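**Q** Quick one: this structure, given as structure tokens, is what I'll be asking you about.
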Amino acid sequence: MAILKIARMGHPILRARAEEISDPSSEEVRRLVEDMVETLEDAKGAGLAAPQVHVPKRLVLFSVPQDRTTEAEDDPPQVLQVLINPVVEPIGEDREVGWEACLSVPGMIGAVPRYARIRYRGLTLDGSPVDRTVSGFHARVVQHECDHLDGILYPMRMTDMSLFGFVEEMSRLAAESEEEIEAAAE
Ligand code: NI
């Protein structure tokens, strides 16, 4: 087990399209997941994609902690989930704007529109299929993590850059407006 170095915005690995994993149950993938879990726990994030630890493979980890679930239908807490070769499709056109942060964009936060409801498919570590329809934070974190596999960071999804800034400054702004800012996805 090891804590891996996290690539920051501007590093070419974060701009590239990651490759499909041909054997999800391989020893190599198992070891990568172990290290990513340790890295994510150390960084206290909600999610992590393999390109963020300099591995250009289509693999993400994410969780939905109890305190980040929303009122939305299909947004229950989720223990850490490994998703290999994920495919995401929006259900409907509805989008919601929510705060996001990213371990590859440290210290920053921004308001990002995301599809409110999605279906995602992929494989677990033992190669069994996952097929879920989710909303709320769950939908947001999956979209954020899967974007990493296509070279997309959350600021590239923003439509109002006045809502992008340093966490410390934005928290002050939020305190004034009595609106709560919470780092959403990572
Ligand atoms: Ni991220």
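The values are calculated or read from the model by the stated rules, or taken from the named source; none is laboratory data. Not measured: the values here are computed from a predicted model. Every residue, glycine among them, receives a Cβ derived from its backbone with ideal geometry; neighbour counts consider all protein chains shown. We work out accessible area using only protein heavy atoms, side chains counted, and drop any ligands, DNA or RNA first. Shrake-Rupley method; radii C 1.70, N 1.55, O 1.52, S 1.80 Å.
**Q** Can you name the residue in region 47-70 that is out of contact with any His (no Cβ under 6 Å at 6 or more places or on another chain) and farther than 23 Å from ARG17 by Cβ and, of all such residues, is most open to solvent (accessible area, probe 1.4 Å)?
**A** Ranking the candidates gives GLN66 first.
**Q** Another question about this same structure. Being among the hydrophobic types (A, V, I, L, M, F, W, C), open to solvent by 20 Å² or more (accessible area, probe 1.4 Å) and either out of contact with any Gly (no Cβ under 8 Å at 6 or more places or on another chain) or more than 22 Å from VAL37 (Cα to Cα) (or both) is the filter here, so list the residues in region 100-152 that pass it.
**A** MET108, LEU123, LEU125, ILE152
**Q** What's the number of the only condition in (1) outside any helix (DSSP H, G or I); (2) of a type in the set (A, V, I, L, M); (3) out of contact with any strand residue (DSSP E or B) (no Cβ under 9 Å at 6 or more places or on another chain) that ILE6 fails to meet?
**A** (3)
**Q** With respect to the numbered conditions (1) under 17 Å from ASP126 (Cβ atoms); (2) at pLDDT 95 or above; (3) in a strand (DSSP E or B); (4) of a type outside the set (Asp, Glu), which one is the sole condition not fulfilled by VAL79?
**A** The single condition VAL79 does not satisfy is (2).
**Q** Before we move on, is ASP42 acidic (Asp, Glu), open to solvent by 20 Å² or more (accessible area, probe 1.4 Å) and within 16 Å of the ligand (Cβ to nearest atom)?
**A** Numbers: acidic (Asp, Glu): yes; open to solvent by 20 Å² or more (accessible area, probe 1.4 Å): yes; within 16 Å of the ligand (Cβ to nearest atom): yes.
Answer is yes for this residue.
**Q** When region 135-150 is examined, which residues are found to be more than 12 Å from the ligand (Cβ to nearest atom) and in contact with a helix residue (DSSP H, G or I) (Cβ under 7 Å, 6 or more places away or on another chain)?
**A** PHE137
**Q** Would you point out which residue out of GLU28, GLU89 is in a helix (DSSP H, G or I), open to solvent by 40 Å² or more (accessible area, probe 1.4 Å) and either under 18 Å from LEU149 (Cβ atoms) or of a type in the set (S, T, N, Q) (or both)?
**A** GLU28
**Q** Something else: Would you pick out the residues in region 153-166 that are surrounded by 15 or more Cβ atoms within 10 Å (Cβ to Cβ) and assigned to a helix (DSSP H, G or I)?
**A** Once the filter is applied, which keeps residues that are surrounded by 15 or more Cβ atoms within 10 Å (Cβ to Cβ) and assigned to a helix (DSSP H, G or I), region 153-166 yields TYR154, PRO155, ARG157, LEU163.
**Q** Take the residues in region 12-22 that are assigned to a loop (DSSP other than H, G, I, E, B) and in contact (Cβ under 8 Å) with a residue 12 or more places away in the chain, then tell me which one is surrounded by the most Cβ atoms within 10 Å (Cβ to Cβ).
**A** ALA18
**Q** Still on this structure, I have one more. Being closer than 18 Å to THR124 by Cα and either touching an Asp or Glu at 6+ places or on another chain (Cβ under 6 Å) or basic (Lys, Arg) (or both) is true for just one of ARG31, ARG8. Which residue is that?
**A** Details: ARG8 fails: closer than 18 Å to THR124 by Cα.
Only one candidate qualifies: ARG31.
For (1) on the phi > 0 side of the Ramachandran plot; (2) modelled with pLDDT of 95 or more, each residue gets a yes or a no:
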{"residue": "PHE137", "(1), (2)": "no, no"}
{"residue": "HIS148", "(1), (2)": "no, yes"}
{"residue": "MET158", "(1), (2)": "no, yes"}
{"residue": "VAL167", "(1), (2)": "no, no"}
{"residue": "ALA175", "(1), (2)": "no, no"}
{"residue": "GLU178", "(1), (2)": "yes, no"}
